[in-house]
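Accompanying notes for the structure given below.
Taken together, the values in this text are just the output of simple stated rules run on the coordinates, not laboratory data. For clarity, every value in this text was computed on a predicted model and none was experimentally measured. Here the Cβ is made from the backbone with ideal geometry for all residues, glycine too, and neighbour counts use every protein chain on show.
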Amino acid sequence: MRPRKWSDPGWMLAPTVLLLFVFFIAPVGIAIYQSFFSWDLLTAPRPVGVANYLALVKSGELFRVTGRTLFFSALVVSGAMSLGLSLALLLNRRGVWFSFVRSAVFSAYVVSWVAVALLWLWILDPDRGIVAKGLHLAGVGTVKLLNHPDTVLPVLAGVTIWKITGYAMIMFLTGLQMIPNEVLEAAKLDGAGAWSRFRFIIWPMLRPTATFVGTTSLVISFQAFDVVRVMTQGGPAKASTLFVYAIYESIFMNLRVGTASALTVVFFVVLLSLSWLQIRAWRQKA
Amino acid sequence: MRTKSAFIHALAGVVALVWLFPYAWMVLTSFKSFDEIIQRPTALLPSSPTLTAYREVFSQVPVGRYMLITLWVAVAIALIQIALALPAGYALAKLRFRGNALAFGLVLACLLIPTQMTFVPIFLMFSKLRLVNSLTSLILPFGASALGTFMVRQALVNVPNEVIEAARLDGASEFTIIYRVLAPMLKPTLIAIFLVSFVFHYNDYFWPLVMTTDDTVRTLPLGIALLREPGTGVRWDVVMAGNVILSLPMIALFSVSQRYLILGLTKR
């Protein structure tokens, strides 16, 4: 439709465009610009070229942080997707009981990350937590899952999976409900078993949903911060210092704006390319 | 057939337990005394239920004030987002003008930019303007929502042009058309945008943590997280009582609006 006045689109879009520009587009530009400076917030910024990036590469910090975050994301994405899909298949049934269980799983999605992190911190507390006590009674001995570099990331991933599986499940349920019942009934009459119905009808039709859930949970896990900050503060020995926590630490604890900005830029590039790769890979398979 | 059905019901029961037991444990712990937690950490029910932990939360944290700030921020953000997304979505969906594609491209690009990417420059900008520790720093950056604008646009594309033409013939201004004619037609979408945004910003920990350095505009998730002092013996009864206070509004909201929340997540 034609605008009534040439100026109409202007006032309608101005506030949105302005705010999005100031708080999303411009900061990305500023972060890229600042990544070429060394600045401690107290003295004047000094241009240093690519020194911030070089330092991050040379110290090995960049690779360690990226590797850790990728490992964590791989756990979360595969866990939340497979669990979400299984629960959707299990709970896609009529009746009050199944609807109740669906709500129970999904409810974790609306509770704050802080509450979830504190709750699991208490459950996993090595001195008085119920898991440690249970394992102790079973004769396993004292376990400090969050205090060990090898177990801390899988545990944080487990908590994250617990939190977002409900979301994955809801998305898969919506996808399942779009599959016409007649198709499944017809396949059943033709003698297709549960597995072949899943393999040849359900899964192909769920593929777009799976792509979407995969990318969203990848983004969620790549941005993980609250669980790290509340549960481990990046420890022990930096074993759970994920990307966003590393950025946070470098500006608010070490006052290194340049390093933080360089990390931010790399974070963004990695996140975008991962999402892009994932979407492409899934498209090709379909 | 019957054993299979019983098995599936039982399996669903195990699933429910995995998700509900942690909540139950949180609530039960909050009614225990600290002595009991130390002496009988695995006892399921509190031997003598007490409200001591809740009293302790209220004495350590100004719960009312933090809650008010949190609700104010979350409601303000959700309402501003809707107020701005309506005209923007209308222009993008219905009006032909130069720059439409560009503006839509900007909205789509912003969908890809997480706040974790923008907080360093925005924090520095606000500290230069002395706006750290202000409601402005918590609300303004989220005033425009790329997702909300996108959802309004998608919903309006499906509204026939005749509705708008008829309203124009009746002499309605564009402002009236947007807020009085079209907004009511988009009610489910707008409720969904409101809920998703409200839940996100009520729960948000990252942004208030970064933008506040003292307790002028501290939000509830920050206050509750502070109940746990690392190192010294943690008063888990108090932390869990705080957790209950923090989660209860969301659980209540969830139980009455689950349908719209799901709509908000699936209709993108």
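For chain A, the 222 nm mean residue ellipticity estimated from helices alone, with every DSSP H stretch of n ≥ 4 adding -39500 (n - 2.57) and the total spread over all residues, rounds to -22000 deg cm²/dmol.
Within the shell defined by Cβ-Cβ distances under 9 Å, the residues around B:R168 carry a net charge of -2, with Lys and Arg each +1 and Asp and Glu each -1.
Averaged over the residues of B:143-150, the number of partner chain Cβ atoms lying within 10 Å of the residue Cβ comes to 4.
Estimated from the Cβ-Cβ distance and a Förster radius of 51 angstrom, the FRET efficiency linking B:S59 and B:K187 is about 0.75.
Averaging over every viewing direction, what projected area does the convex hull of the Cα atoms of segment B:45-141 cover, in nm²?
Values: hull surface 44.0 nm².
Over all viewing directions, segment B:45-141 projects a mean Cα-hull area of 11.0 nm².
Counting Cβ atoms of other protein chains within 10 Å of each Cβ in B:95-104 and taking the mean gives 4. Exposure proxy for A:R64, A:R102: other Cβ atoms within 10 Å of each Cβ, ordered fewest to most, give A:R64, A:R102.
Fewest neighbouring Cβ atoms within 10 Å first, the residues B:R218, B:R168, A:R280 line up as A:R280, B:R168, B:R218. For the protein assembly as shown, the Cα-based Rg and Dmax, in that order, read 25.0, 80 Å. Once backbone amide H atoms are built at 1.01 Å from N, A:F37 has A:V48 as its partners under 5 Å, excluding neighbours fewer than 5 places away on the same chain. Quick one: go through segment A:1-37 and flag any residue whose amide nitrogen is under 18 Å from the point 7 Å out along the Cα-to-Cβ line of B:S173. Inside the label zone: A:3-15. Only aspartates and glutamates eight or more places from B:K94 in sequence, or on another chain, were considered; those with a Cα closer than 20 Å are A:D8, B:E162, B:E165, B:D170, B:E174.
Summed over all non-identical Cα pairs, the Kirkwood treatment of chain B gives a radius of 21.9 Å. Using the beta-carbon distance between A:L90 and B:L45 and R0 = 25 Å, what value does 1/(1 + (r/R0)^6) give for FRET efficiency, to the nearest 0.05? The pair A:L90/B:L45 has a calculated efficiency of 0.25. Ordering A:167-176, B:249-258 by mean Cβ neighbour count within 10 Å, with the highest value first, yields A:167-176, B:249-258. In this label model, B:R96 and B:V163 are separated by 2.1 nm, measuring between points 7 Å along each Cα→Cβ vector.
Ellipsoid fit via the Cα gyration tensor, segment A:154-194: semi-axes of 33, 13, 4 Å, each the root of five times an eigenvalue, largest first. Counting neighbouring Cβ atoms within 10 Å and putting the fewest first, the residues A:L18, B:L51 line up as B:L51, A:L18. In percent, rounded to a whole number, the relative contact order of segment A:1-107 is 10, using alpha-carbon pairs under 8 Å and six or more apart. By the helix-only formula, in which each DSSP H run with n ≥ 4 contributes -39500 (n - 2.57) and the sum is divided by residues, chain B has a 222 nm mean residue ellipticity of -23000 deg cm²/dmol. Between the residues A:A210, A:V131, B:L71, the greatest Cα displacement towards the positive end of the dipole of the protein assembly as shown, with unit charges on the Cβ of Lys, Arg, Asp and Glu, is found for A:A210. Stretching the chain fully between A:L135 and A:M1 yields a gain of 41.5 nm (0.36 nm per residue, less the alpha carbon separation). Among the helices of chain B, those built from whole DSSP H runs whose Cα atoms reach 15 Å or more along their own axis and whose mean Kyte-Doolittle hydropathy is at least -1.0 are B:2-30, B:63-94, B:100-111, B:115-128, B:146-157, B:187-203, B:236-266.
Per residue of peptide B:23-30, the mean number of Cβ atoms on other chains within 10 Å of the residue Cβ is 3. Using the Cβ-Cβ distance between B:V14 and A:R207 with R0 = 30 Å, the FRET efficiency computed as 1/(1 + (r/R0)^6) comes to roughly 0.60. Summing charges over neighbours of B:A12, with a neighbour being any other residue whose Cβ is under 10 Å away from its Cβ, gives +2 when K and R count +1 and D and E count -1.
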